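Since the structure comes first, as structure tokens, the remarks are kept for the end.
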């Protein structure tokens, strides 16, 4: 399922520049940060820091590991990326210009499938209202086995034992 984009008033680069400029101690927007932001927002995928560094390196973009980790943290603080804690590694996904959604996570191949269900959002709003809880967002992961892994597993006799 492809989720629809959400209309935004600024490019991710402009929003990040604004974030850096309005911090308590204004920070400059470096060339490495610019390349990272452009690379991350040129595609939509879930990634961890090491996957990002490897992909950028393959595409000829050189960013130091320290800069990458610092920039990812700033992109989360700026509201451009969302941090996903799944297993031992931290993954990231677009937050800016992307609708609220949830994930199915395959425990075998680690594939993430995004989905939206208004009924789930309504249940969460109802529960928050019952508890006078002011919601800032939510992250829902449903863990299981994806269709491809189920098909592959169905061809193995050892799984029947």
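Laboratory data are not the source of any read-out in this text; all were calculated from the coordinates shown. All figures in this text were calculated on a predicted structure; none of them were measured in a lab. Cβ placement follows ideal geometry from the backbone for every residue including glycine, while neighbour counts extend to all protein chains displayed.
When a/c reaches 1.5 or more, the comparison of a/b and b/c decides; with that in mind, is segment 1-98 rounded, prolate or oblate per its Cα gyration tensor? Since a/c stays below 1.5, the shape of segment 1-98 is classed as rounded.
Tell me the relative contact order for the chain as a rounded percent, counting alpha carbon contacts under 8 Å between residues six or more apart. Each step should come with its number before you reach the end.
Values: 156 pairs, mean separation 35.5, N = 161.
Reported as a whole number, the value is 22 percent.
Once you keep just the Cα pairs under 8 angstrom separated by 6 or more residues, what percentage relative contact order results for segment 100-161? Don't skip to the end; give the middle numbers.
Numbers: 53 pairs, mean separation 25.6, N = 62.
Rounded, it is 41 percent for segment 100-161.
Annotation: peptides 111-122, 47-58, 92-103, 131-142, ranked by per-residue average of other Cβ atoms within 10 Å with the highest first, follow the order 92-103, 47-58, 111-122, 131-142.
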